[in-house]
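The next block holds one structure in the form of structure tokens; read it before the comments.
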Amino acid sequence: MAFFFRKEENYLTLIQKGDFKKAIKVIFTKLKDFPGDLTLKLKLAECYEGLKDTENAVRVYLDSADEFIKTGEKEKAFALLKKAQKIDPDNEEVNMKLNALETKKEVESFSFDIEVEKGSESKLTLKQQEIKEVLKTIFPVGENAISKIAEAFEPISLQDGETLIKEGEEGNSLFVVIEGELKVFSKDFGEEPIQVLNKGEVAGEVSFLKGVPRTATLVSEGETKVGELKGEKAKDVLTPFPELMKILEEILEKRVYLLISKMKDEKLWR
């Protein structure tokens, strides 16, 4: 049985690195397959903003807002137009379309994280604040969104040598390393760890995404802090942000690719 992986760079990683030109090329490629994907369009606008290309960023917001206006989703259109207005306050087309919509009071309920809700930070415990700061390096979403996601995570402290998850057991939680290290063991590779996960890395994504038993055993190396997102909470938290599921899928694909390469090197794969 053969596995084939298309080596395509992750546009979210490219954005985090500040390589906006390359990210734009990847996004345009994806838009050919998913022309109506709002997440991709928002990231495209973000890239243009990163390049200080206000004209193209505004055009993306305007075109996306027009699509929502046609379908009667005025709240979403308003939110996009406000993002355009924020970077180009004097744009006549943007201001005209904003004035043509219903009053701000009627459409203000929807937001693409234009502003942070007052008091959203105070809901987080100190440990959840730590989790939030790490999540920012993984999930490039707005301040509101990342706060809500962090609020759903539960902090876990592990002692040296303590097992977080065991290969073959059932489980659907997703984990993020907040501090310390996790050694990854697989029965196929004997007693030596096949990988070490550090701060900011995701664990448990296979069972989380595919609903299968744990595919590896994770053991703490020294004192380690982990954030846990339980499966029953994940749907409510992540459904509004489909781009985050894409990130997790890309992490999984990359790890499977690396695992197969390792198995080939050690002649465990034929």
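Computed over neighbours whose Cβ is under 11 Å from that of Glu201, the net charge equals 0, Lys and Arg +1, Asp and Glu -1.
For the residue pairs Lys32/Lys136; Lys83/Lys136; Lys25/Lys233; Lys83/Lys230, the alpha carbons lie more than 30 Å apart in Lys25/Lys233; Lys83/Lys230. Distance between the pseudo-spin-label points of Glu151 and Glu67 (7 Å out from Cα toward the beta carbon): 2.9 nm.
Distances between placed amide hydrogens fall under 5 Å for Glu221 paired with Gly161, Glu181, Leu182, Lys183, all partners being 5 or more residues away or on another chain. Under a 5 Å amide H cut-off, with hydrogens placed 1.01 Å from N, Gly171 pairs with Arg214 among residues at least 5 apart or on other chains.
Taking a ≥ b ≥ c as the square roots of the eigenvalues of the Cα gyration tensor, an a/c ratio of 1.5 or more together with a/b no larger than b/c marks the range 181-238 as oblate.
Read-outs: derived from the displayed coordinates by stated rules, not from any lab. This one's a predicted model, so the numbers in the text were calculated from it and none came from an experiment. As a convention, Cβ positions derive from the backbone with ideal geometry for all residues, glycine included, and neighbour counts pool all protein chains shown.
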